[in-house]
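See below for the structure under consideration.
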Amino acid sequence: MTTLLQHSQALDSKLKSLMRAKRHANDHIYIQQRTQEWNNRNNDLKKLKPKTACLTLAIEDAKVVSSKRSTLCTNASAILARLQQNDDIKELTQDTAWKRLLKASEGLTEALEAAGSRAWRVYLEEQVPLERPAELRRRTPETPQNLDALRLYQASYTEYETIARLSLPRTAEDLVQLVAHITSCRQAFAQLTFDLPTEVKRFYEAINTGTATLAQVTPSVLEWFDEHGLLERFRVRSVG
């Protein structure tokens, strides 16, 4: 027959087991919360690394980022030491050291993003500026060769602008692609002809307004077309 003492001991054992289980459950909740807090900030920092690693930060910005990184490491070491000395995760939740760690991570992320943005703007400014396609089109004679070159220029410029408008490059590949698009724009620009003989210019203006006639195909116009291999680019059609 179970004595009152044995019954009390069994009950006490169950209570202790329940308390441990409750503490473990609470610890699990606290661990999940702290892990989520850290992961949110750490993921923000990780996303910036490939975006800024390909850029050369200004000296002062690099110093600030380095200082922020050192502060983060110091706070992380303090938290690790605290956990090794006392595994009470609930106490960590209430400790100011944890808040300092999160703040240090946020500080490094903000400093790195700001420094990277400035370095990216400097990099873009160092590239030879490209003329906007619309402005270039307005001052370019509409010859077939020029129109072909303008189409190539427009396509490359669109790709260039897509990257140049980013607040930060996505990876180092964006820098490679940016240079490639700039090169393509310059190659297309080199194919443009701006200085046309007066009669040739008038002929193209008439072509583009739909008023060209054979009277405007003068010997000098034919000679210029022949020299540039453009005679086969036109077909004669009667308006009658």
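Name the single residue, out of those in the range 64-87 being within 16 Å of E113 (Cα to Cα) and of a type outside the set (A, V, I, L, M, F, W, C), that is surrounded by the most Cβ atoms within 10 Å (Cβ to Cβ).
Restricting to residues being within 16 Å of E113 (Cα to Cα) and of a type outside the set (A, V, I, L, M, F, W, C), the top hit is K68.
What's the number of the condition S167 fails, among (1) exposed (fewer than 15 other Cβ atoms within 10 Å of the Cβ); (2) over 15 Å from the mean Cα position of the chain (by Cα)?
Of (1) exposed (fewer than 15 other Cβ atoms within 10 Å of the Cβ); (2) over 15 Å from the mean Cα position of the chain (by Cα), only one is false for S167: (2).
Give the residue that is farthest from the chain's Cα centre (by Cα), with candidates limited to residues of the range 175-222 that are outside any helix (DSSP H, G or I) and exposed (fewer than 13 other Cβ atoms within 10 Å of the Cβ). Outline the logic, then answer.
We begin by selecting, within the range 175-222, every residue outside any helix (DSSP H, G or I); these are 191-197, 210-213, 217-218.
Now restrict to residues that are exposed (fewer than 13 other Cβ atoms within 10 Å of the Cβ): 194-195, 210-211, 213.
Working: F194: 36, D195: 39, G210: 45, T211: 48, T213: 52 Å.
The extreme case among them is T213.
Only one of E159, E126, E135 is farther than 30 Å from F203 by Cβ and exposed (fewer than 12 other Cβ atoms within 10 Å of the Cβ). Can you tell me which? Spell out how you get there, then give the answer.
Values: E159 fails: exposed (fewer than 12 other Cβ atoms within 10 Å of the Cβ); E135 fails: farther than 30 Å from F203 by Cβ.
Only one candidate qualifies: E126.
Is it fair to say E142 is acidic (D, E), part of a loop (DSSP other than H, G, I, E, B) and not assigned by TED's automatic domain parsing to the domain that holds H228? Reasoning before the result, please.
Numbers: acidic (D, E): yes; part of a loop (DSSP other than H, G, I, E, B): yes; not assigned by TED's automatic domain parsing to the domain that holds H228: yes.
Yes.
Please work out if A172 is exposed (fewer than 15 other Cβ atoms within 10 Å of the Cβ) and in contact (Cβ under 8 Å) with a residue 12 or more places away in the chain.
Numbers: exposed (fewer than 15 other Cβ atoms within 10 Å of the Cβ): yes; in contact (Cβ under 8 Å) with a residue 12 or more places away in the chain: yes.
Considered against the rule, which asks whether it is exposed (fewer than 15 other Cβ atoms within 10 Å of the Cβ) and in contact (Cβ under 8 Å) with a residue 12 or more places away in the chain, A172 comes out as yes.
The values are calculated or read from the model by the stated rules, or taken from the named source; none is laboratory data. Computed from a predicted model, the values in this text were never measured in an experiment. Backbone-built Cβ (ideal geometry, glycine too); neighbour counts: all protein chains shown.
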